[in-house]
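Notes for the one structure printed next.
No lab work stands behind these numbers, since they all come straight from the coordinates. All values reported here derive from a predicted model rather than from experimental measurement. All Cβ positions, even for glycine, are placed from backbone atoms using ideal geometry, and neighbour counts span all protein chains on display.
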Amino acid sequence: MRRAILARHGESERSVVGRTNGDPRTACALTETGREEARVRETADLALEGREAPRLVLPELNDIRFGEFEGRPLTDYRAWAHAHGPEEPAPGGGDSRAETVGRYVRAYRTILARPEETVLVVAHGLPVRYVLDAVEGRNPAAAIAQVPYAEPFRLEAGELTAAVDILEAWVTNPAW
């Protein structure tokens, strides 16, 4: 792989009102705007329409599992995350930020090993944000900026590799 284009999926009914949706088994429809932007697989389908391109679905890029915060306001989860360490799983069967970043690292290593020259990565906002922050030399934080919907971010392989290295180092000693 020589370059990656990262994009967050389109606006969903839950995300537009600030509600969490980290459980892939929970259906979440797109808003009208989101249908125009399209969501994860739909985004890839639209972007690659008419092209013979391999598709790879990486569950490691799924959103964080919010546990008892699933379906609740994102602000509730963010307040909890800010008050707890990155290794603490969200109550009610959720993920920790550290284990989530570990999943993302594994997925991005798989992407970096792809033989294609250019790879389109359509994912949730969190895996995109962590990489964009790491490109800027920032470690994961308890509170992060949102990634715009369906906006492409182009990274050369070296930039993505360096960002993934930063994330991997953080996973070995996570701290806010």
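If you take all other residues with their beta carbon under 11 Å from the beta carbon of I144, and give Lys and Arg +1 and Asp and Glu -1, the sum is +3. Amide hydrogen proximity for T31: with H placed 1.01 Å from N in the peptide plane, the residues at 5 or more positions away or on another chain lying under 5 Å are S12, E13.
Per-peptide packing, taken as the mean over residues of other Cβ atoms within 10 Å, places 136-147, 61-72, 161-172 in the sequence 61-72, 161-172, 136-147 from highest down. In region 77-145, the alpha-carbon atoms span a convex hull of 102 Å³ per residue. Its Cα centre serving as origin, the chain has a Cβ charge dipole (Lys and Arg +1, Asp and Glu -1) of approximately 120 debye. Only the Cβ atoms of Lys and Arg (+1) and of Asp and Glu (-1) were treated as charged; on that basis the dipole of region 24-123 about its Cα centre amounts to roughly 200 debye. Per the Debye calculation on region 115-176 with a single equal scatterer at every Cα and no solvent contribution, log₁₀ I(q)/I(0) for q = 0.15, 0.16, 0.24, 0.29 Å⁻¹ amounts to -0.47, -0.53, -1.10, -1.38. With springs only between Cα atoms under 10 Å apart, run a GNM on the chain and tell me which of T20, T75, T100 wobbles the most. The residue with the greatest mean-square fluctuation here is T75.
The phi-based Karplus calculation (6.51 cos²θ - 1.76 cosθ + 1.60; θ = phi - 60°) puts the 3J(HN,Hα) values of region 109-126 at 5, 4, 5, 4, 7, 5, x, 5, 5, 10, 10, 8, 10, 9, 9, 6, x, 4 Hz, whole numbers, x for Gly and Pro.
Our summary of shape: the Cα atoms of the chain have principal axis extents of 45, 38, 24 Å, ordered from largest down, in whole angstrom.
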